[in-house]
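The values are calculated or read from the model by the stated rules, or taken from the named source; none is laboratory data. This one's a predicted model, so the numbers in the text were calculated from it and none came from an experiment. Glycine also receives a Cβ, built like all others from the backbone with ideal geometry; neighbour counts cover every protein chain displayed. SASA here: full protein model, heavy atoms, side chains in, ligands and nucleic acids out. Shrake-Rupley method; radii C 1.70, N 1.55, O 1.52, S 1.80 Å.
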Amino acid sequence: MKRAVKLWTLVMAMAVAVPVMAADAERGHMLHEQSCLSGCHASRVQGHPNDIYTRKGRKDTLEKVQAQVAFCNQQVLNTLWWPEDEANVVAYLNNTFYKFK
């Protein structure tokens, strides 16, 4: 049973990592600039909107970043991004701010 759980964990980690590695961070940057910075982030932090990614208590795993992007897409911004767009934004955020492997 433990072996099956470890194998399942590995498979899920790879399923999460592969889309981010194959994503288009440049497109993610454009989507992020258009949708996220225009008002939402600026209203949540004092100063530069990108400070939201470098503040204390920021997301500490790639999975949490992905979940936050999906939440913002669906609940906050209602941008109607495709899953590929979400992956592109996550790739941009990871490359620029988080540096998760």
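Give me the residue from the stretch 83-101 that is modelled with pLDDT under 95 and aromatic (Phe, Trp, Tyr) and, out of that set, least open to solvent (accessible area, probe 1.4 Å).
Ranking the candidates gives 98 first.
Just to be sure I understand, how many residues within the stretch 76-92 are without any contact (Cβ under 8 Å) to a residue 12 or more places away in the chain and of a type in the set (A, V, I, L, M)?
1
Pull out all pairs, ordered by first then second residue, where Cβ-Cβ is under 6 Å, the residues are six or more apart or on different chains, the first lies in the stretch 27-55 and is surrounded by 14 or more Cβ atoms within 10 Å (Cβ to Cβ), and the second is part of a loop (DSSP other than H, G, I, E, B).
Going by the 6 Å Cβ cut-off, the qualifying pairs are 35/77; 35/79; 49/37; 51/45; 52/45.
Among the residues of the stretch 58-78, how many are modelled with pLDDT under 85 and loosely packed, with under 12 Cβ neighbours inside 10 Å?
Summing the residues that are modelled with pLDDT under 85 and loosely packed, with under 12 Cβ neighbours inside 10 Å in the stretch 58-78 gives 1.
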